[in-house]
Each structure stands twice: as C-alpha cells, then as structure tokens.
Amino acid sequence: MKRVIFLIPLLLCGWLAGAMPATAQTVQPVKIGVIGPFTGPSSDFGQPMLHGIELAVQEINAVGGYLGRPLTLVVKDDQGNPDLGLQGAQALVEEGVIATIGFCNTGVAMKALPVFQKAQLPLIVPCATGTPITSQFPAPQSYIFRTSARDAIQAPFVVEDLVKRGWTKVAIFADQTGYGEAGLKDVQAALAQQKLEAVYVARFALGVKDLREPLKAAREAGANVVLSYTVGPENAAIANGRRDLGWAVPQVGAWPLSFPFFINGAKQAAEGALMAQTFIAEPSNERRAAFLSAYARKYQQRIAVPMAAAQSYDSTYLLAYALLGIRNGQFSGPAVKAALENIPRVYYGIVATYERPFSLDDKDAISQNMLVMGKVSNGAVTFAYPADANRNLFVQRKR
C-alpha cells in the first residue's frame, strides 16, 4: 500500500487514532453525493471526474474511512443537461448526503446551485469553471466551494500569454451556453485590462459542425489568433475550419482545448493549440507519479482529461480533511461548511499544496499562480514552456 502511505500520513493519525471498533451491523457509512455528466456529450471529462473521486475514496476507506465509518458515494448522472442536473441535486438532498462533489458544465451547475444553497448542503465543484458559480451567493453565506480554476483567472492568464507572444488581434469564438457567455465576458474584461478589444466575436449554438463562415469574417477582420470558449466538438470545428480555409493562425483558450473532443476531433489541426492548465499528466514529482500510476492500475486506461481527474481527487481529500474537524460525526450542513472553511491540516495534493484553501470569504481553492500553459503536441498535452515544466517539480500554494 505504498500509495496510501505516501499520500495520507496525516489522515492515518487523524482517522485511525480515533477509529472505534465496530461491527458490520453497527457501522453507518458516510454518504457523499457525486453529480456530473457520466454519459452524454460531456462524459469525456465527467468520467475522469468520477474516477478521481472513486480513487480517493478507495484510498481513504483503506485506512479506516471516517472514524471507522466507510465513505460511500451516491452518484447522479446529469448528462450535461441543466434539467437533469436540477433533478439530481434535489435527489441528493433527499437521500441525505453530507456534502456533494460535482458539476462539469457551468450552465448545469448554475441551475442546481440554489438547491444546495437552500438545503445548506456543501457543494464542491471540481470541474465547472464559469466565474458566476462561486459569486452567485455572498461568500460568507455560500455553501458553494470550488477546486477548478475559475474563468476570471484563466482568461487573464491566457490573454497575458497572447500579448507576450504578440498576438493582439484576437477573434473570440464563444458558444451560447452559460459557460460560453461567462467566458466571453471574462475574456473581454481581460483584453480591456491590456487596453485591447476583440477584432471579431462569433457566437454559436452547441452542435454546430461548420464554422467556416465566421472564421472567414474573423480573418477579414485581421485576427492573428482565435480564442475559443466552448467545451465540446465545436472546438474541433473551429480548428478544422481553419485548416480547410488554409488560415494558419494559432488557436488558444481555456482548459477544454485539452479534451479528447478537440484533440481527437481535430487531429493534426489541433497541433500547437495552447490552453490554461492546472495539471498536466506527466510524473513531474512523486505525488503526481503515484497518482498517475494508481489511476492506470485501477482503470487500465490513460486519463482522458487529466485535470478533471486530479481536481476531483483533490476535492475528495479536502472534504475528508475537513471532516477531521468534526469529531462527533454530526454532519449538519453548517458544520461541514465551517469545517471546509477551517481545514486544520495542510493537504499535499496533486494539483496544489492546499493550506487553508477555503475561508469564510473565499470559496475558490485555485489561484492564478497555480496555472501553467499547456500545448497540444503529438496528440497529447504537454508544457508549452520548459520553465513551467521545471516549476512544476514543486507543487504551488495558493496566493
């Protein structure tokens, strides 16, 4: 069990030292909700999200769970559909979970957030990045936490990189979902900070196959880079459209450019694309090497979207660390919320080193210094800059 010993020595002293002998008849599991798109068009990052949570729970239960009580998952599939996400959220509240980890799609999350807030049930969002998710409710009262990089930090990070490269004539391609709408606003704000504005903006519905006409318009407007904000095959439609037009400008964006829908769908046209990342699947240090090895053993496959798996894995451990602060097993919503805001120990995670990742006034665990620029190379995502690869040897802390 080298994996367990390496990752959770602090959990061993917290849980096992306090674990009470119990028979199978008296043990009550601690129920944790999980919700995301495990089937449907967003399952390419929904499945890795689920796998990251499952892997963490397996490791935590191997050393005794919570005071001898195993963690158990109550899983709901939202299929990337806001109505199903709302129904799943309501079902999790009714089934008595103590907290929920979930949501990959911003639009789906936004429709369900009031359910968790009204029920005073903590929600940790490991994948969805729309800025409004953690600003929907005043921070001190909010039950919505997040371990993904919100677009309000991804957009400036990407825009700063464009300016550094001299790509200042930006065409924005954003879908018409809640994710695209919020991302567009964040990109426009980031450009304004650089005293720039987009030379062209294209909006489109999910499912569009051909974006050559707006790409022609962007080219005529003088764009020298395309910045895309969409989560599915539409990113590939942009890349393939550029290829068909013979328009050799770079494509950049947020983390969905690391998804299989883009890389596999665009193939050669995806090469060189740049995107913000919190985690790149390279064994750059012992923690990450152990995680990648454990994931490969358990699931016998390469991680389709490494960030989704890593962030959800860390989310599960952060919740587990928070529970260490509740010694009586009384997991009321306010008690779990307060525990998350006051996690007593540093968690040495996969994405980051988490020291007080949340507080009463801050529900986002990821800060901009944790981001690196990824690049599609030979059908996989690697570091765009050698300096980032070197910096990644040391897991960053929140600033």
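Brief remarks follow.
- Within the stretch 110-153, the residues that satisfy the criterion of being of a type in the set (Lys, Arg) and within 24 Å of Ala190 (Cβ to Cβ) are Arg146, Arg150.
- Which listed residue, of Val187, Val225, Val231, Val249, is among the β-branched types (Val, Ile, Thr) and surrounded by fewer than 19 Cβ atoms within 10 Å (Cβ to Cβ): Val249
- Of all residues in the stretch 75-96, those satisfying the criterion of being assigned to a loop (DSSP other than H, G, I, E, B), in contact with a strand residue (DSSP E or B) (Cβ under 9 Å, 6 or more places away or on another chain) and open to solvent by 10 Å² or more (accessible area, probe 1.4 Å) are Gly80, Glu95, Gly96.
- Pairs where the first residue, in the stretch 239-265, is over 15 Å from Ala276 (Cα atoms) and the second is modelled with pLDDT under 95 and open to solvent by less than 10 Å² (accessible area, probe 1.4 Å), C-beta under 6 Å, 6+ apart: Phe261/Gly232
- Within the set Val381, Val376, Val351, the sole residue that is of a type in the set (Val, Ile, Thr) and touching a strand residue (DSSP E or B) at 6+ places or on another chain (Cβ under 6 Å) turns out to be Val381.
- Residue among Thr26, Thr39 that alone is modelled with pLDDT of 95 or more, open to solvent by 50 Å² or more (accessible area, probe 1.4 Å), among the polar types (S, T, N, Q) and in a loop (DSSP other than H, G, I, E, B): Thr39
- When Phe358, Phe383, Phe331 are screened for being open to solvent by less than 20 Å² (accessible area, probe 1.4 Å) and among the aromatic types (Phe, Trp, Tyr), only Phe358 passes.
- Residue list for the stretch 361-380, restricted to those being more than 19 Å from Ala152 (Cα to Cα) and either open to solvent by 10 Å² or more (accessible area, probe 1.4 Å) or touching a Ser or Thr at 6+ places or on another chain (Cβ under 7 Å) (or both): Lys375, Ser377, Asn378, Gly379, Ala380
- Leading residue by the ranking (least open to solvent (accessible area, probe 1.4 Å)) among those in the stretch 344-355 that are farther than 13 Å from Thr316 by Cα and of a type in the set (A, V, I, L, M, F, W, C): Ala352
- Scanning the stretch 320-348 for residues that are among the small types (Gly, Ala, Ser), in a helix (DSSP H, G or I) and in contact with a strand residue (DSSP E or B) (Cβ under 9 Å, 6 or more places away or on another chain), we see that the one that is nearest to Gln47 (Cα to Cα) is Ala320.
- Residue count for the stretch 99-140 satisfying the condition of being open to solvent by less than 20 Å² (accessible area, probe 1.4 Å) and either more than 19 Å from the chain's Cα centre (by Cα) or closer than 16 Å to Ile32 by Cα (or both): 12.
- Condition check for Arg302: at pLDDT 95 or above and surrounded by fewer than 21 Cβ atoms within 10 Å (Cβ to Cβ): no
- Some residue of the stretch 305-319 being assigned to a helix (DSSP H, G or I), at pLDDT 95 or above and open to solvent by 10 Å² or more (accessible area, probe 1.4 Å): yes
- Among the residues of the stretch 334-343, the one identified as open to solvent by 50 Å² or more (accessible area, probe 1.4 Å) and under 28 Å from Ala290 (Cα atoms) is Asn342.
- Of everything in the stretch 252-286 that is open to solvent by 40 Å² or more (accessible area, probe 1.4 Å) and in contact with a strand residue (DSSP E or B) (Cβ under 9 Å, 6 or more places away or on another chain), the residue that is farthest from Tyr179 (Cα to Cα) is Glu282.
- So Thr72, is it polar (S, T, N, Q) and either crowded, with 20+ Cβ neighbours inside 10 Å or in a helix (DSSP H, G or I) (or both): no
The values are calculated or read from the model by the stated rules, or taken from the named source; none is laboratory data. What you see is a predicted model, and the numbers here were worked out from it, not measured in a lab. Quick reminder, even Gly has a Cβ in these numbers, built from the backbone with ideal geometry, and neighbours come from all protein chains shown. These accessible areas exclude ligands, DNA and RNA; they are computed on the full protein's heavy atoms, side chains included. Shrake-Rupley method; radii C 1.70, N 1.55, O 1.52, S 1.80 Å.
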